[in-house]
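The values are calculated or read from the model by the stated rules, or taken from the named source; none is laboratory data. Since we're looking at a predicted model, the values are computed, not measured. A quick note on method: Cβ atoms are made from the backbone with ideal geometry, for glycine too, and the neighbour counts reach across all protein chains shown. The area values use the complete protein model at the heavy-atom level, side chains included, leaving out ligands, DNA and RNA. Shrake-Rupley method; radii C 1.70, N 1.55, O 1.52, S 1.80 Å.
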Amino acid sequence: MVLQEFIKWDEGQYLRCMCLGQQDIKVMKYDPDNRRYLLPDLPPDLYDRVVANSLKIVRAFGYDMNTIEWAVRDGVPYAIDFMNPAPDMDINTTGVEYHRWCVEKMADLCIHLAKNPKPQVAEVKWSTMFNG
């Protein structure tokens, strides 16, 4: 169970990040009320902060596939949903351009993992989250 503050985001400042391979982050502006993606127009510093923090989250959890949702209030991004290791990548949801990015990056990830298999993780070590 997770208890968290409801973050009322600034108008038009809700973001969804598709995270693939613990290295590729696609920042997508999202309208959760109408369930549609919008054209991104973020200040570079906000974009860079969201990407950097998204990478920290997926690497801490060890997710190779995840979506993270950010509510931006007063210029500060708050991760409000960050544990979605089975994200929706359907073309009818994401639209053609975002879907194309997802398919290409997922194909790259699958090829990389096939050529460089990882050993099965026997136990989740939460210490890696706190100790780097």
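Key figures for this structure:
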| read-out | value |
| --- | --- |
| Cα long-axis angle, helix 96-115 against the chain (0 to 90 degrees, to the nearest 10) | 20 |
| Accessible area (Å², per residue) of the chain, counting only protein heavy atoms and a probe of 1.4 Å | 67 |
| Reachable lysines, given that their alpha-carbon falls under 23 Å from the alpha-carbon of residue 29 and they are not under 8 places away in the same chain | 8, 56, 105 |
| Length added when fully stretched, residue 6-residue 110, from 0.36 nm per residue minus Cα-Cα | 33.8 nm |
| The chain, helix-only ellipticity at 222 nm - DSSP H runs n ≥ 4, -39,500 (n - 2.57), divided by all residues, nearest 500 | -11000 deg cm²/dmol |
| Segments 77-87, 63-73, 103-113 sorted - mean Cβ within 10 Å per residue, highest first | 63-73, 77-87, 103-113 |
| Angle in degrees between helix 44-61 and the longest Cα principal axis of the chain, rounded to the nearest 10 | 40 |
| Shape category assigned to the range 1-105 from the gyration tensor of Cα positions, a/c cut at 1.5 | rounded |
| Burial ranking of peptide ranges 3-11, 49-57 (average Cβ count within 10 Å, highest at the top) | 49-57, 3-11 |
| Built amide H within the under 5 Å cut-off of residue 38, gap 5+ | 29, 30, 31 |
